[in-house]
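Following: one structure in structure tokens, then a few remarks.
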Amino acid sequence: MATHANKRRPRREQILEAAVELFQRDGYHATGIDEIGATAGITGPAVYRHFASKEDILETLLVDMSGRSLARAQTLANEATTPAEALRALVDLSVETMLDNPALAYVAQYERRTLPRKSRLAIDKAERLYFELWVQPLMELRPELSEAEARVVVYSAAALAVAAATYKSGLSRDAAKDLIVTMMLNTLTVPERTIARQRGRRAS
């Protein structure tokens with residue numbers, strides 16, 4: 001049922017918000033236009049005044065999110081004065097974005113494959129550019145890593161964050177953020193020599 005607050009917001013925004021919640025709860029394929037409309041407080045056919053299809057809705061959600069995230073990340077990376085500051089700012093942004101939009105983070109991770117190839121490529125490109133901003137400061141902090149190794153570490157940390165941020169833990173937002181940021185920074189910055197030393201201790 002639409003609230004009074006919803007009625008004051010643009011209808012297109014209501015539809016997008018309803019869609020991402022349903023996509024997370026029921027899955028993209030199991031969600032129908034009529035359900036999206038009902039959740040937004042309109043009829044299913046009325047959705048088509050704003051979007052050509054359900055696929056169009058999903059594409060809009062993911063393209064908008066990837067574009068906004070990339071622009072903000074570029075600003076943060078440019079403003080940072082040290083590699084550690086840059087990496088921390090990028091991690092904070094990533095975790096805050098996912099905690100503020102857990103449904104959208106879930107859809108971006110698990111439903112992107114349903115989009116047309118052109119849209120997938122555009123989103124994949126934005127994601128690559130986004131995470132490339134992480135690679136250089138990480139390599140400066142961990143010079144033992146090659147570029148390929150740094151990318152593996154970055155994507156691994158990002159996947160960890162998606163899983164943690166979309167899990168309904170019951171923690172407060174601040175507590176969840178602190179925990180996830182700490183896990184990501186640990187994953188990113190623990191030197192290989194420390195890992196090797198721990199392995200050696202276990203083997204002895």
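The values are calculated or read from the model by the stated rules, or taken from the named source; none is laboratory data. Just so it is clear, the model here is predicted, and its values are computed rather than measured. Positions of Cβ are backbone-derived with ideal geometry, glycine not excepted, and every protein chain shown enters the neighbour counts. For the accessible areas, the whole protein counts, side chains as well, though only heavy atoms, and no ligand, DNA or RNA atoms are used. Shrake-Rupley method; radii C 1.70, N 1.55, O 1.52, S 1.80 Å.
How big is the dipole moment of the chain about its Cα centre under a simple scheme where the beta carbon of each Lys and Arg is +1, that of each Asp and Glu is -1, and everything else is neutral? Debye, nearest 20, please.
Working: 28 positive and 26 negative charges, 53 e Å.
Dipole of the chain, to the nearest 20 debye: 260 debye.
Given an 8 Å cut-off on Cα distances and at least 6 residues of separation, report the relative contact order of segment 75-171 as a percent. The partial results should precede the final answer.
Values: 59 pairs, mean separation 36.1, N = 97.
Result for segment 75-171 is 37 percent.
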| said: How would segment 1-112 be classified by its alpha-carbon gyration tensor: rounded, prolate or oblate, with rounded meaning a/c under 1.5 and the a/b versus b/c comparison settling the rest? | reply: prolate
| query | How much FRET efficiency would the formula 1/(1 + (r/R0)^6) give for LYS168 and GLU144, where r is the Cβ-Cβ distance and R0 is 30 Å, rounded to 0.05? | reply | 0.20
| task | If a/c stays under 1.5 just call it rounded; otherwise compare a/b with b/c (prolate if a/b is bigger, oblate if not). Do that for segment 85-167, with a ≥ b ≥ c from the square roots of the Cα gyration tensor eigenvalues. | result | oblate
| task | Please report the relative contact order for the chain, taking Cα pairs under 8 Å with a sequence separation of at least 6, and give it as a percent rounded to a whole number. | result | 20
| field | Read-out volume of the Cα convex hull per residue in Å³, derived from the coordinates shown; its label in (i) 152; (ii) 124; (iii) 174 | value | (i)
| field | Solvent-accessible surface (1.4 angstrom probe) belonging to ILE180, in square angstrom, nearest 10 | value | 10
| Can you list the aspartates and glutamates whose alpha carbon sits under 18 Å from that of LYS177, skipping same-chain ones fewer than 8 residues off? | GLU85, ASP92, GLU96, ASP100
| message | For LYS168, LYS125, give me the order by solvent-accessible area with a 1.4 Å probe, most accessible first, ignoring ligands, DNA and RNA. | response | LYS168, LYS125
| request: Could you order peptides 139-149, 93-103 by the average number of other Cβ atoms within 10 Å of their residues, highest first? | output: 93-103, 139-149
